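Coordinate-derived values only; no laboratory data. Just so it is clear, the structure is predicted and the values come from calculations on it, not from any experiment. Cβ placement follows ideal geometry from the backbone for every residue including glycine, while neighbour counts extend to all protein chains displayed.
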Amino acid sequence: MSYKACLFDLDGVLVDTAIYHFKAWKMLGENFNYQLTEEQNEQLKGVSRVESLNRILAWASYSATEEQKEIWLKEKNDNYLSLISSMNPAEILPGVVDFLDQIKENGYKIALGSASKNAEIILEKTGLMPWFDLIIDGNKVSKSKPDPEVFLKGAEGLGFLPSECIVFEDAQAGVEAAISGGMKVIGIGDASVLSDADKVIPNFVGIKSTDLLLF
Ligand code: BG6
Ligand code: MG
């Protein structure tokens, strides 16, 4: 198969923002005396903000009104925005810039497929914006991963079939989204966690655009 486009998740694939999401949720949990653990935070990767809050409240056995949830969603995001306010290009994950350079030079189109509503801010702060032909983020979808909407919109927006796209994902929910969208998916991280992906690589160090032909 000759691929024409690469669709990248953001958090955990291009930049490591998981620590900031974790801190911001932990700060929010203080409102209802709940201590979020690192293991639980793993399960929030790739999951939308509102779904993450619902899961945390369920773990805490805390029932909140819709009005209270809206207040907490804003509070969590305010916490998160202040934590990422000094993000810079040094926080781009290893090997990412080289790989983006290579695929761009070789004519592949590049799209973002992220659940985050803060994706554009992060791309601006880290200087990654110029590589992207299209950005599909949490503001442009109505269904959260594992629904394939974010990746299908990416493929369609670039003008390609799902089978012409390769997705790069670090979260199980994102791997499932790519598979149900009919796309090839490369997991970034731990092969035991991302066992459904077509292939798993620990990171982009040493990955070349010619590897796309082998995936
Ligand atoms: C995903 C992250 O990329 O975006 C999740 O993995 C996060 O942890 C989700 O909850 C939504 O992000 P945001 O920035 O819109 O709160
Ligand atoms: Mg991710």
Sequence neighbours fewer than 8 away in the same chain don't count; with that in mind, list the lysines whose C-alpha is under 23 Å from residue 74. 23, 26, 45, 117, 125, 140, 143, 145
Estimate the FRET efficiency between residue 43 and residue 215 by the formula 1/(1 + (r/R0)^6), using the beta-carbon distance for r and 25 Å for R0, to the nearest 0.05. 0.40
Quick one: check the C-alpha center-to-center distance for the stretch 166-188 versus the stretch 1-80, whole angstrom. 19 Å
A correct Karplus calculation of ³J(HN,Hα) over the stretch 59-76, with 6.51 cos²θ - 1.76 cosθ + 1.60, θ = phi - 60°, whole Hz and x for Gly and Pro, returns 4, 7, 6, 10, 9, 10, 6, 4, 5, 5, 4, 4, 5, 6, 4, 5, 4, 4
Using amide H atoms built in the peptide plane, which far-off residues or other-chain residues are under 5 Å from residue 184 H to H? 165, 167
Loop sites in the stretch 158-215: trypsin sites (Lys or Arg not before Pro), DSSP, at most 13 other Cβ within 10 Å: none
Please list, in order along the stretch 104-113, the HN-Hα scalar couplings obtained from phi with the Karplus expression 6.51 cos²θ - 1.76 cosθ + 1.60 (θ = phi - 60°), rounded to whole Hz, x for Gly and Pro. 5, 4, 8, x, 6, 7, 10, 10, 9, x
Which angle from 0 to 90°, rounded to the nearest 10, does the C-alpha axis of helix 149-158 make with the longest principal axis of the chain? 40 degrees
Using a basic spin-label model with each label point 7 Å from the Cα along Cα→Cβ, how many nm lie between residue 55 and residue 199? 2.8 nm
Which one, 173, 115, 64, has the greatest fluctuation when you compute a Gaussian network model over the chain with C-alpha springs under 10 angstrom? 64
Treat every Asp and Glu Cβ in the stretch 147-215 as -1 and every Lys and Arg Cβ as +1, leave all other atoms uncharged, and give the resulting dipole magnitude about the Cα centre to the nearest 20 debye. 260 debye
